[in-house]
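What follows draws every value from the coordinates through simple rules; no lab data is involved. Note that the coordinates shown come from a computational prediction; the quantities given were computed from them, not determined experimentally. Cβ: placed from backbone, ideal geometry, glycine included. Neighbour counts: every protein chain shown.
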Amino acid sequence: MSMKIDLRIMFFALIFAGFTSHHVWGEEDYYHQKDVFMMKCMDTIKLGTPYEDPSQPCIHAVGKYDMKRICGAFTFSDQLEVSMIKTIILAYTCHKPIPIGEKCGSRFL
């Protein structure tokens, strides 16, 4: 009798785990958005170059995407190519400021 109850509990736990894992998979979208943002805005945010005014596709990308999440999605290798300071300035310029206290790359604002 207790074996049947244990199997039922395990079955429901497995089903519950299957439904909740989709939330973690949804996080991947920010990495795709980050890649598109980097491609469209590289002239503005490139490390080691002067800040340039953003292009129209860059402004559109910043307006469309969640800059707070993109900032948190930057990896160490991204930070070798992209200036986090320029990214913050770009977000502010496009009226999508990143809130103080949020993480941008490896820096906290």
Completion exercise
Between Tyr31 and Arg69, the two model label points (7 Å from Cα along the beta-carbon direction) sit apart by a distance in nm of 1.4 nm
Problem - Mean Cβ count within 10 Å, highest first, over the residues of peptides 98-104, 37-43, 82-88, 60-66 - result: 82-88, 37-43, 60-66, 98-104
Exercise for the section: Output the relative contact order of the range 25-108, whole-number percent, from Cα pairs under 8 angstrom with separation of 6+ residues. Expected result: 33 percent
Practice task
Give the residues of the range 58-86 whose amide nitrogen is closer than 15 Å to a point set 7 Å from the Cα of Lys103 in the direction of its Cβ.
Solution key: 68-79
Practice task
Step through the residues of the range 42-57 one at a time and calculate ³J(HN,Hα) from phi using the Karplus curve (6.51 cos²θ - 1.76 cosθ + 1.60, θ = phi - 60°), rounding each to whole Hz and writing x for Gly and Pro.
Solution key: 4, 4, 7, 9, 4, 6, x, 10, x, 5, 10, 4, x, 6, 4, x
Handout entry: Taking the convex hull of Cα positions in the range 25-108, its mean projected area over all directions (nm²)
Key = 5.0 nm²
Problem - Cα→Cβ-extended label distance, 7 Å offset, between His95 and Tyr51, nm - result: 1.9 nm
